[in-house]
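None of the figures in this text is laboratory data; all of them are computed from the coordinates on show. Here the structure is a predicted model, which is why all the values come from computation and not from measurement. Don't worry about glycine lacking a Cβ; one is built from the backbone with ideal geometry, like all the others, and counts go over all protein chains shown.
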Amino acid sequence: MKKVTGTYFLWIAIALEVMGAMMLKLSNGFQNFLPTLFIFVFYASSYYVFSKALKTISLSIGYAIWSGAGIFLITLIGAFYWEESIKWNTMFGMILIVGGIGLLNSHDKEKYLSEA
């Protein structure tokens, strides 16, 4: 059960980090007060929740998934919300990120299954 909890904390931390990154864009270089305030709230919350995830997930695996999933989600949000262009090499990179996250998750599951 601890493993499942760590995974949930990890995905919550990723969502909070992505919201913080969105606020970076909306803050207009810290010119807009409310998005600037939310930057600090979301990033601080993300790190707090990520620390909870690290109680049951190894740092190397957790951090790789956290950063890779964040990059992937921010790229999608940039493309669909802010209409930023995505070129073929960006799409290929995103496919590699998703594949890498899948490989990391399979490695992590094997580790926890062997310890049970």
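Charging the Cβ of each Asp and Glu at -1 and of each Lys and Arg at +1, and nothing else, the dipole of segment 2-115 about its Cα centre rounds to 280 debye. Build a GNM of the chain with springs between Cα atoms under 10 Å apart, and of ASN32, ASN89, ASN105 the one that fluctuates most is ASN89. Look at the Cα gyration tensor of segment 34-89: its axes a ≥ b ≥ c give a/c of at least 1.5 with a/b at or below b/c, and that counts as oblate.
Sorting 18-24, 49-55 by average packing, meaning the other beta carbons within 10 Å per residue, from highest down gives 18-24, 49-55.
For the charge dipole of the chain, defined by +1 on Lys and Arg C-beta atoms and -1 on Asp and Glu C-beta atoms about the Cα centroid, which residue among ALA53, GLY100, ALA13 has the Cα displaced farthest towards the positive pole? It is ALA53. Given axes a ≥ b ≥ c from the Cα gyration tensor, I'd like to know whether the chain is rounded (a/c under 1.5), prolate (a/b larger than b/c) or oblate. Oblate, because a/c is 1.5 or more while a/b does not exceed b/c. Only helices enter this figure: runs of n ≥ 4 DSSP H residues, each worth -39500 (n - 2.57), summed and divided by the residues of the chain, yield -29000 deg cm²/dmol at 222 nm to the nearest 500.
With neighbour counts taken as other beta-carbon atoms within 10 Å, the residues THR56, THR90 rank, fewest first, as THR90, THR56.
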